[in-house]
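Step one of this worksheet: look at the structure below.
Every number in this text was worked out from the coordinates using simple rules, so none of it is lab data. Computed from a predicted structure; not experimentally measured. Positions of Cβ are backbone-derived with ideal geometry, glycine not excepted, and every protein chain shown enters the neighbour counts.
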Amino acid sequence: MSDRVWQRDEIESPCIRLCVVDPGSRLCMGCFRSIDEISGWSAMTAEARREIMAELPGRAGRIRPVRRGGRSGRRGDGQAG
């Protein structure tokens, strides 16, 4: 049996199994995809997947920073001091 049987010519999912959706941006905080992109990934063409993969690095800035604990978390403005 050839190893070729187990090879797939498609773009792998960017999922890192940190599946939490940011309520503000509606993007997954792990892979930066939208819910529609995540649910439709297996049915997408390779070209559509490539386009999404190219956009993902720029989406990171759309997710709000996670609130820190301690004094900065209690102040409400996010600034220590």
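The set of residues in segment 23-63 that are on the phi > 0 side of the Ramachandran plot and of a type in the set (D, E, K, R) contains only Arg26.
How many of the residues making up segment 16-32 are in contact (Cβ under 8 Å) with a residue 24 or more places away in the chain and among the charged types (D, E, K, R)? Give the derivation first.
Residues of segment 16-32 that are in contact (Cβ under 8 Å) with a residue 24 or more places away in the chain, as a first pass: 22, 24-25, 27, 29, 31-32.
Subset that is among the charged types (D, E, K, R): 22.
Of the residues in segment 16-32, 1 are in contact (Cβ under 8 Å) with a residue 24 or more places away in the chain and among the charged types (D, E, K, R).
Close contacts from segment 54-65, counting a first residue that is within 14 Å of Ser34 (Cβ to Cβ) and a second that is of a type in the set (Lys, Arg), with Cβ to Cβ under 8 Å and a gap of 6+ residues or different chains, come to Leu56/Arg33.
Annotation note: of Ser25, Ser42, the sole residue that is among the polar types (S, T, N, Q) and part of a helix (DSSP H, G or I) is Ser42.
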